[in-house]
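Quick note: the coordinates plus some simple rules give every number you see, no bench work behind them. Every value quoted in this text rests on a predicted model; they were computed, and no experiment measured them.
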Amino acid sequence: MESAVFPAETREALAAAYPNAPAKLSHTLLGHPLLTLEALVGLAEALPAHEIEYNSGKLPIGIRPEDVPQAKLSVVETIRQIDRAGSWVALKRIEQVPAYRDLLHGVLAELKDLVVPRTGEMMQLEGFVFITSPGSVTPFHFDPEHNILLQVMGEKTMTLFPIEDEAMFGAEAHELYHLGKHHRNLDWNDSYAAKGQAIHIGPGEAIHVPVKAPHWVQNGDQPSISLSVTWRSEWSYAEADARAFNHVLRRIGLAPASPGPYPAQNRAKALAWRAVRKLGIAA
């Protein structure tokens, strides 16, 4: 890229927050030709169908995945009518299209010197674009990646919650998630609201979202386009594998401690889980 996407003050803010704290950042991708609505129609047509998720945006904060109503329009029609479709669209793993791969890799290359010394090599670089109707809600959930969400058009408010608050949901939810037995959506209780940190972003602003930080998103009163740039790290993989091994220990009657937050590497449990998986022992 010809000019830096992240200005100096954003690098300073990210350095202070990474990897465990949310942070409001800024970026310079406004007006990028790959992030217009018409360009995103082309992206939707180029991606495999299984990499596209779209459904109604008129949702409560907490909802079971099987209860989410399906959108009535095609994905192309939904994008073109996003101002009135009442939906949200997720275009996943956009790096499968070469121009978007170049965009993603260029953005993340700017952060390598900040990230690698803290959490290890940046791996599994993936990009996601979210196209959202006015007022739409993305329900309460968490994600396993390091993530920066860049707002390109419209506004939204993301409310983030503490990563390790087991009064909200227990360690077993983490464990089952990493074993593919728990959907990313989480149960919501109104008592959680007071624990949230709401961060509002508009065009040219961004949010650093820590690994597994529970959050939900409320779109503003205009259509929205957001680009999510994500990566995994040695540390995030070790945390995931340690969670999975904890489930093995729980099944034999033990009460294992949750993996430690960064900078703990959780290496012993991670290696144990990798050995269990190699032996084909089911969790």
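What the table shows:
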quantity: Three-way shape label, the stretch 237-278, alpha-carbon gyration tensor, a/c 1.5; calculated: oblate
quantity: Anchor K195: aspartates and glutamates whose Cα lies under 20 Å away (excluding residues fewer than 8 positions away in-chain); calculated: D143, E164, D165, E166, D187
quantity: GNM result for the chain, Cα springs below 10 Å: residue of I201, I252, I79 fluctuating most strongly; calculated: I252
quantity: GNM result for the chain, Cα springs below 10 Å: residue of R80, R232, R243 fluctuating most strongly; calculated: R80
quantity: Cα-Cα over 21 Å, subset of K181/K278; K156/K181; K24/K58; calculated: K156/K181; K24/K58
quantity: The chain: most fluctuating residue of V41, V75, V211 per GNM, C-alpha cutoff 10 Å; calculated: V41
quantity: Rounded, prolate or oblate (a/c below 1.5 giving rounded, otherwise prolate when a/b exceeds b/c) for the stretch 132-172 by Cα gyration tensor; calculated: prolate
quantity: Inter-part distance where the stretch 232-274 and the stretch 188-228 are each reduced to a Cα centre, Å; calculated: 28 Å
